[in-house]
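Here the structure is laid out as structure tokens; the discussion comes afterwards.
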Amino acid sequence: MTLRLEAITKVVEGRTHIKPTTLELHPGRFNVLLGPTGAGKTSLIKMMAGLDPIASGKVILDGEDVTRRNPQKRRISLVHQFFVNYPHMTVFENIASPLRVAGVPKSEIQGRVEAAADVLKLRPMLDRRPHELSGGQQQRTALARAIAKDSRAVFLDEPLANLDYKLREELREQLPDLFAGRGAVVVYATSEPEEALLLGGETALMEDGHVRQFGPTADIYRAPASLAAARTFSDPPINAAPVTVSGGTARMGSATWAAARADGDYTFAIRPHHVLPQPMANGVALEGTVAVTELSGSESSAHFDLDGRPWVSLAHGVHPYRVGEPHTFHMDPADGFWFGPDGAPVQEGR
Amino acid sequence: MNKTWNQKAWLLVLPVVLLVAFNALVPMMTVVNYSVQETFGNNTFFWSGLQWFEQILTSERFHAALGRQVLFTSIILLIEVPLGVAIALCMPKKGVWVPVCLVLMALPMLIPWNVVGSMWNIMALPDIGLLGYFLNEVVGWQFDYTQDPIDAWVTIIAMDVWHWTSLVVLLAYAGLVSIPDAYYQAAEIDGASRWAVFRHIQLPKMKSVLTIAILLRFIDSFNIYTEPFTLTGGGPGNATTLLSIDLVKIALGQFDLGPAGAMSLIYFAITLLVSWLFYTLMTRNDP
């Protein structure tokens with residue numbers, strides 16, 4: 001079972017919201033749509049689910065063209081960012097509702113609902129109604145509904161975004177197991193790069209209605225195909241600055257280092273956790289002025305001004321920065337990415 | 001615990017005490033006062049106990065008026081609530097027509113009650129009224145609300161439906177537009193029918209606003225006075241003499257202050273009891 005998108009587009013009032021998108025999504029792993037708010041993740045999910053019209057292109061589910069087919073005939077499930085359950089039905093009835101509509105025999109419904117409830121630890125709440133549940137339990141009910149239904153594709157549109165931190169972590173850990181071995185194509189939209197990394201599988205980087213890059217999550221993280229992709233897959237935002245290489249020496253503002261690259265202008269980008277406040281082997285010193293510092297848990301981040309550009313350093317431990325004063329940060333240029341004037345990555349070598 | 005005693009706090013509650021006293025307690029106690037006394041004029045009063053309450057509760061005239069009142073309120077609720085919900089469902093959710101619809105809906109409610117009564121009074125007259133003439137001459141219905149009780153009822157019900165369905169529409173519409181699209185999408189994916197969407201999403205989500213709408217329509221229609229008074233004056237005969245019209249006849253027509261006071265209190269108690277029962281039943285399972 002696969003879900004294939006063939007150059008699908010979405011046009012609203014003459015404006016193309018989703019540019020031609022071609023993807024092949026497989027079951028057995030998470031297919032993550034990663035991008036900032038407004039990138040088109042929800043639109044793309046709605047198009048795959050049949051809720052939004054497709055201007056051109058095809059959606060092929062399990063070998064059959066479902067482009068113009070009603071959502072209910074596609075055998076799919078969708079879990080929203082908001083907790084959507086039928087308000088006056090009990091948890092049991094909520095989970096059972098798609099099965100009842102589909103005409104599943106009563107005897108079978110009981111078993112399937114209970115199985116889904118067990119997986120999501122909803123057994124004791126089967127008789128309650130949504131307003132008597134916590135946010136996490138409400139979202140688990142919505143997930144149970146998606147699981148109990150024998151779907152060919154499951155769309156999860158930022159399902160954890162409205163949950164508090166603890167519940168989010170707990171549910172995120174369970175998610176891959178929930179859908180493992182069900183044979184359904186799982187599509188998961190998120191705006192958090194960390195979530196994509198934790199869920200693994202494959203990631204489609206989305207920006208401004210485009211899928212910028214698609215492939216195994218770890219590969220994309222290690223080798224972003226464009227500066228835009230590198231930006232999307234970094235939180236806090238990736239540091240970038242223009243670099244000029246001449247005669248084997250890279251010059252970025254006042255910092256210089258030896259670089260085996262052809263002469264020319266590049267954009268050098270490096271993730272914040274590779275820019276550290278202490279010296280390192282092969283390190284290049286960056287003379288910055290500390291602007292803002294933040295402590296979160298055991299990490300400290302410093303926003304500093306580097307030749308007029310805002311850069312960020314993210315380091316383990318608590319570091320004594322003084323706001324407004326100069327500080328020398330360090331980075332190993334080997335951790336960074338090089339992009340040419342066209343935004344495409346440039347490999348090492350002359 | 002060290003408590004600070006500061007008598008100045010009384011000054012802060014004084015305005016609200018005065019307000020409640022003058023707009024509720026004093027008029028209410030005046031009525032209570034009338035209801036337990038007999039008067040022969042000249043402001044001389046004699047204690048009469050519960051005599052007037054007994055008289056009202058056993059009076060056939062009161063029973064008849066109460067019956068008409070219950071019938072009127074039941075009919076207009078049965079028409080206005082489903083009709084209001086149906087209209088709200090048909091209204092556009094977004095676009096340029098939304099403000100147009102809302103203003104059109106709000107118009108009848110902006111018209112003063114006695115004007116509504118006068119409008120319908122003239123409009124339904126069989127000889128010169130647009131509606132009355134049309135019914136007689138074009139439809140062929142021998143319609144005359146000033147002579148025929150059924151016609152009079154049809155007219156006051158039509159008038160109330162015209163005047164107040166909008167309230168239900170606006171409240172139901174407010175409930176409908178507050179339902180996130182995600183619910184409809186979930187229903188679409190589940191393959192729920194149009195009826196199931198109404199039954200399982202729209203109706204439950206509208207429940208609280210509909211409770212308020214029904215409550216407001218119940219109270220207003222049960223206490224209705226101005227419109228039927230201007231339209232039919234309670235006639236023909238006593239056919240449309242609703243409770244409030246009868247009450248005014250007793251109090252100001254016959255100047256029977258004692259029975260009128262007792263009837264007011266009974267009337268008030270019925271309205272309060274039904275409202276309380278309805279609201280309690282509707283909200284009993286709410287979060």
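Values quoted throughout were computed directly from the atomic coordinates according to the rules given, and no laboratory measurement underlies them. Just so we're clear, the structure is a prediction, and the values are computed from it rather than from any experiment. All Cβ positions, glycine included, derive from the backbone under ideal geometry; neighbour counts span all protein chains shown.
Tabulated results
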quantity: Prolate/oblate/rounded call for chain B, Cα gyration tensor, a/c under 1.5 rounded; calculated: oblate
quantity: Sites B:F45 and B:L216, calculated FRET efficiency, Cβ-Cβ separation with R0 41 Å, nearest 0.05; calculated: 0.65
quantity: Two-site FRET efficiency, B:V115 against B:Y225, from Cβ-Cβ distance with R₀ of 22 Å, rounded to 0.05; calculated: 0.90
quantity: Length-normalised contact order for the stretch A:159-230 - Cα pairs under 8 Å, 6+ apart - percent; calculated: 18
quantity: Cut-off under 5 Å, modelled amide H: who pairs with A:Q213 long-range; calculated: A:L205
quantity: Summed side-chain charge close to A:P224 - residues other than A:P224 whose Cβ falls under 14 Å, Lys, Arg +1, Asp, Glu -1; calculated: 0
quantity: Residues A:E325 and B:V98, FRET efficiency given R0 of 51 Å [Cβ-Cβ distance, rounded to 0.05]; calculated: 0.35
quantity: Neighbour-limited loop hits for GluC sites (Glu not before Pro), the stretch A:1-89 (at most 16 other Cβ within 10 Å; DSSP other than H, G, I, E, B); calculated: A:E13
quantity: Separation between Cα centres of the stretch A:302-339 and the stretch A:155-203, rounded to whole Å; calculated: 31
quantity: Per-residue mean of C-beta atoms belonging to partner chains within 10 Å, peptide A:59-71; calculated: 1
quantity: The stretch A:95-163: radius of gyration over Cα atoms, expressed as a fraction of 2.2 N^0.38 Å; calculated: 1.10
quantity: Solvent-free Debye scattering, log10 I(q)/I(0), computed from the Cα coordinates of the stretch B:67-156 at q = 0.10, 0.19, 0.21 Å⁻¹; calculated: -0.38, -1.07, -1.12
quantity: Range of Cα positions in the stretch B:118-220 per principal axis (Å), largest first; calculated: 57, 30, 19
quantity: Along principal axes, Cα extents of the stretch B:1-140, largest first, whole Å; calculated: 72, 53, 27
quantity: Chain A: calculated mean residue ellipticity at 222 nm from DSSP helix runs of at least 4, using -39500 (n - 2.57); calculated: -7000 deg cm²/dmol
quantity: Volume of the Cα convex hull of chain A, divided per residue and given in Å³; calculated: 166
quantity: For the protein assembly as shown, projected area of the alpha-carbon convex hull averaged over all directions, nm²; calculated: 46.9
quantity: Alpha-carbon Rg/Rh ratio, for the stretch A:8-157, with Rh computed the Kirkwood way; calculated: 1.01
quantity: Dimensionless Rg ratio for the stretch B:222-287, taking C-alpha atoms and the 2.2 N^0.38 Å reference; calculated: 1.42
quantity: Rounded to whole Hz, the Karplus (6.51, -1.76, 1.60) HN-Hα couplings of the stretch B:131-141, x for glycine and proline; calculated: 5, x, 4, 4, 4, 6, 8, 9, 6, x, 8
quantity: Least to most buried among B:H63, A:H210, A:H80 (fewest other Cβ within 10 Å first); calculated: B:H63, A:H210, A:H80
quantity: For A:V290, distant residues with modelled amide H under 5 Å away; calculated: A:D305, A:G324, A:E325, A:H327
quantity: Cα-based convex hull volume of the stretch A:239-339 per residue, rounded to whole Å³; calculated: 84
quantity: Label-to-label distance, nm, for residues given as B:L281 and B:W162 (7 Å Cα→Cβ offset); calculated: 3.2
quantity: Between 0 and 90°, nearest 10: helix A:165-179 axis offset from chain A longest Cα axis; calculated: 60
quantity: Note, ³J(HN,Hα) from phi for the stretch A:122-138, Karplus 6.51, -1.76, 1.60, rounded to Hz, x at Gly and Pro; calculated: 10, 3, x, 10, 4, 8, 8, 9, x, 6, 8, 10, 6, x, x, 5, 5
quantity: Cα gyration tensor shape for the stretch B:130-287, rounded if a/c is under 1.5, else prolate or oblate; calculated: oblate
quantity: Size-normalised alpha-carbon gyration radius of the stretch A:153-255, reference 2.2 N^0.38 Å; calculated: 1.36
quantity: Candidates A:G40, A:G209, A:G283, ranked by Gaussian network fluctuation over chain A, Cα under 10 Å, top entry; calculated: A:G283
quantity: Whole-Hz ³J(HN,Hα) from phi, Karplus 6.51 cos²θ - 1.76 cosθ + 1.60, for the stretch B:273-284, glycine and proline x; calculated: 5, 5, 4, 5, 4, 4, 5, 4, 5, 6, 9, 5
